[in-house]
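Q: If you scroll down you'll find the structure; I have some questions about it.
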Amino acid sequence: MPIAGTGKRRAEDIVLFIIGDYWSGTGPARVTRSLIETLPEKTLYLEARAKLLRAVELFRKMGKADVAVFSGHSRQNLFGMSIAHRKGIPCIFIMHGCVEYENEINRVPDPVMARDEREMLNRADLILAVSEQFEEWLKAHYPEHREKISHLTNGVDWNYLRESATGDRRLPGAILSVGGGMPRKRIIKLCEAIDILRKRGHKDLTLTVAGAIGADSVHINSYPFVNDLGLISEEELKKLYHTHRLFVQNSIFETFGLAPVEALLSGAEVLLSDRCGVLSILKGVEEGDLIHDPDDPEEIAGKILPLLTTGNHSRLMVEIDKESTSWETRGKELIAISASLLK
């Protein structure tokens with residue numbers, strides 16, 4: 001646990017107010033939903049979807065809370081933090097990513113979003129990264145906030161554990177990646193690696209890509225072995241995990257990464273860049289499981305074939321501690337962290 005609960009208030013008496021999207025299919029929304037489902041029944045959260053109604057709800061519920069927890073980036077957070085500060089309520093900002101930096105490397109810079117994020121960092125009493133790796137990155141890139149940055153590692157949804165018969169549906173050369181056309185996912189380099197292997201005789205290799213259109217989408221779709229599905233539902237993604245042999249996350253910046261652990265829990269082999277925050281919970285990782293240079297298609301190609309033949313799923317699964325990585329444990333940690341803010 002990053003911070004021990006040392007406040008005067010008993011942790012079990014604390015009422016948290018969770019502010020953030022938990023209804024969409026994005027990674028941050030799924031994290032927020034998991035926290036809400038895990039935390040005590042008295043936990044408050046925003047129920048309205050319309051902006052005006054959410055504003056009213058923020059006013060009404062903030063006065064009933066001991067700590068306000070803002071999950072993810074939103075302009076609404078600035079409004080909510082202002083209300084919380086006027087009422088003397090501490091604010092926690094859970095950072096699932098860095099909007100300013102990610103927009104830059106995805107070639108869609110947004111000065112307004114960057115300004116809002118920096119203001120959230122200023123107003124938060126505590127900033128929680130979703131992995132230890134991301135915590136260290138934030139401290140290095142925002143040294144002015146170093147003393148109030150810690151982490152609450154994302155939990156694992158153990159309901160993703162595969163059914164015994166799903167392996168029969170996997171295609172031997174089927175590779176899956178998510179992130180669509182976002183340049184930071186470096187799916188273009190994965191395409192180049194697969195192209196190299198196909199030219200060397202491995203014609204059965206294919207790549208399925210899921211995710212929104214981005215700056216790299218046209219290039220990705222120029223490869224004939226690619227099936228780009230665009231944005232898909234969470235249920236559709238679950239089915240893909242069960243039909244693909246290998247999942248690859250080749251990101252140059254990945255604060256955690258829900259998809260790799262979900263793929264692993266579904267029975268797939270996984271290949272990850274060493275920039276992925278999810279590595280903080282994968283203790284059995286070996287050299288062959290990691291991409292050290294996401295821009296080197298030769299390295300990626302050299303890691304793909306061994307994983308398609310020998311795999312790493314069983315080895316990695318046995319090293320994950322179910323109790324310490326569960327969302328139940330993460331909920332208890334968040335309550336203890338919140339208690340430390342109440343003097």
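The values are calculated or read from the model by the stated rules, or taken from the named source; none is laboratory data. Quick caveat, the model's predicted, so the values are computed rather than measured. Please note: Cβ atoms are built from the backbone with ideal geometry, for glycine as well, and neighbour counts cover all protein chains shown.
Q: Condition first: farther than 18 Å from GLU132 by Cβ, touching a strand residue (DSSP E or B) at 6+ places or on another chain (Cβ under 7 Å) and either surrounded by fewer than 24 Cβ atoms within 10 Å (Cβ to Cβ) or assigned by TED's automatic domain parsing to the domain that holds GLY97 (or both). Now tell me which residues in the stretch 271-293 satisfy that.
A: Residue satisfying the conditions is ASP289 alone.
Q: May I ask you to list the residues in the stretch 16-58 that are over 22 Å from ASP157 (Cβ atoms), assigned to a helix (DSSP H, G or I) and in contact (Cβ under 8 Å) with a residue 24 or more places away in the chain?
A: If the condition is that a residue be over 22 Å from ASP157 (Cβ atoms), assigned to a helix (DSSP H, G or I) and in contact (Cβ under 8 Å) with a residue 24 or more places away in the chain, then LYS51, ALA55, LEU58 are the ones that fit.
Q: Which of the numbered conditions does LEU171 fail, given that it passes all the others? Conditions: (1) within 18 Å of the chain's Cα centre (by Cα); (2) modelled with pLDDT under 95.
A: Of the numbered conditions (1) within 18 Å of the chain's Cα centre (by Cα); (2) modelled with pLDDT under 95, the odd one out for LEU171 is (1).
Q: Next up: Those residues that are exposed (fewer than 14 other Cβ atoms within 10 Å of the Cβ) and either in a strand (DSSP E or B) or β-branched (Val, Ile, Thr) (or both), I need them from the stretch 228-252; list them, please.
A: Result: GLY230, single match.
Q: Could you check the stretch 294-306 and list, in sequence order, the residues that are crowded, with 19+ Cβ neighbours inside 10 Å and out of contact with any Asp or Glu (no Cβ under 7 Å at 6 or more places or on another chain)?
A: PRO294, ILE300, ALA301, LYS303, ILE304
Q: Looking at ALA259, ALA212, can you tell me which residue is in contact (Cβ under 8 Å) with a residue 40 or more places away in the chain and not in a strand (DSSP E or B)?
A: Criteria check complete, one pass: ALA259.
Q: Are there any pairs with C-beta distances below 7 angstrom linking a residue in the stretch 117-146 that is basic (Lys, Arg) to a residue that is surrounded by 19 or more Cβ atoms within 10 Å (Cβ to Cβ) and at pLDDT 95 or above, with the two at least 6 apart or on different chains, and if so which?
A: ARG123/MET81; ARG123/CYS91; LYS139/ILE149
Q: Is it the case that some residue within the stretch 184-204 is under 21 Å from LEU282 (Cα atoms), at pLDDT 95 or above and of a type outside the set (Phe, Trp, Tyr)? Quick ask: steps written out before the conclusion?
A: Just the residues of the stretch 184-204 that are under 21 Å from LEU282 (Cα atoms), to begin with: 185.
Filter once more, so that each one left must be at pLDDT 95 or above: 185.
Next cut, of a type outside the set (Phe, Trp, Tyr) only: 185.
Checked the stretch 184-204: at least one residue is under 21 Å from LEU282 (Cα atoms), at pLDDT 95 or above and of a type outside the set (Phe, Trp, Tyr).
Q: Given the criterion out of contact with any Pro (no Cβ under 8 Å at 6 or more places or on another chain) and surrounded by 19 or more Cβ atoms within 10 Å (Cβ to Cβ), identify the matching residue among GLY88, GLY80.
A: The unique qualifying residue is GLY80.
Every residue, every condition in (1) crowded, with 17+ Cβ neighbours inside 10 Å; (2) among the hydrophobic types (A, V, I, L, M, F, W, C); (3) part of a helix (DSSP H, G or I); (4) free of Cβ contacts under 8 Å to residues at least 24 places away in the same chain, yes or no:
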site: GLY173; (1), (2), (3), (4): yes, no, no, no
site: ASP195; (1), (2), (3), (4): yes, no, yes, no
site: GLY201; (1), (2), (3), (4): no, no, no, yes
site: ASP204; (1), (2), (3), (4): no, no, no, no
site: HIS219; (1), (2), (3), (4): no, no, yes, no
site: TYR223; (1), (2), (3), (4): yes, no, no, no
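Q: Would you point out which residue out of THR309, THR255, THR329 is within 26 Å of LEU128 (Cβ to Cβ) and surrounded by fewer than 20 Cβ atoms within 10 Å (Cβ to Cβ)?
A: THR329
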